[in-house]
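Here, each number is a calculation from the coordinates, and none is a lab measurement. In this text the structure is predicted, and so the values were computed from the model without any measurement. Please note: Cβ atoms are built from the backbone with ideal geometry, for glycine as well, and neighbour counts cover all protein chains shown.
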Amino acid sequence: MIRPEILSALARWREVLIGAAITLPGLWIMSFGGFFWIGVGLLIVGVGASFAVNALRRMRFRGAAGAPGLVRIVEGQVAYFGPEEGGFAAMDELEELRLAPAPDGPHWELVQADGTLRIPAHAEGAEQLFDLLATLPGIDMAHVLATLEAAPAHPRTVWTRRAHRALT
């Protein structure tokens, strides 16, 4: 029997642990010596380390759970089903992404020409947004994560399509 709090911690860190589990055999293979084995080991270590780093970023994005509502993503469209509000946003039509404070925790604001979809950052399924937001052209996910961790007192724009168009 494993204590529930330990199971919870392992569940939170599971992707990072998988990355480490991939990396360790690569280090062992490198110990064989020779160009071939060192090359194979470096390749495995690189895959495991990149998996672990990406898992750490996702873990930071996930944060604490408990906000109301449910987030679902299907083919580039975000759906939020909340107790009082909800809606849909297509990533292709997204013009701006903001993080805004709220009494119940920060909210993502997905701004389109026809309106704004507000999603609690800690709603169930909101961690799926990490991979989807990473596909936005020109987005700096390190800046997005830093803004989320800083919990701004005022709405902060973390990405705009106009800024990307100006660069291209």
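Structure data summary
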| quantity | calculated |
| --- | --- |
| Length-normalised contact order for the chain - Cα pairs under 8 Å, 6+ apart - percent | 18 |
| Exposed GluC sites (Glu not before Pro) absent - longest run of the chain, DSSP non-H/G/I/E/B, at most 16 other C-beta within 10 Å | 1-74 |
| Neighbour-count ranking [beta-carbon atoms within 10 angstrom, fewest first] of F81, F35 | F35, F81 |
| Unit charges on C-beta of K, R, D, E only; dipole of the chain, Debye | 560 |
| Principal-axis tilt of helix 35-62 within the chain, Cα atoms, nearest 10 degrees | 30 |
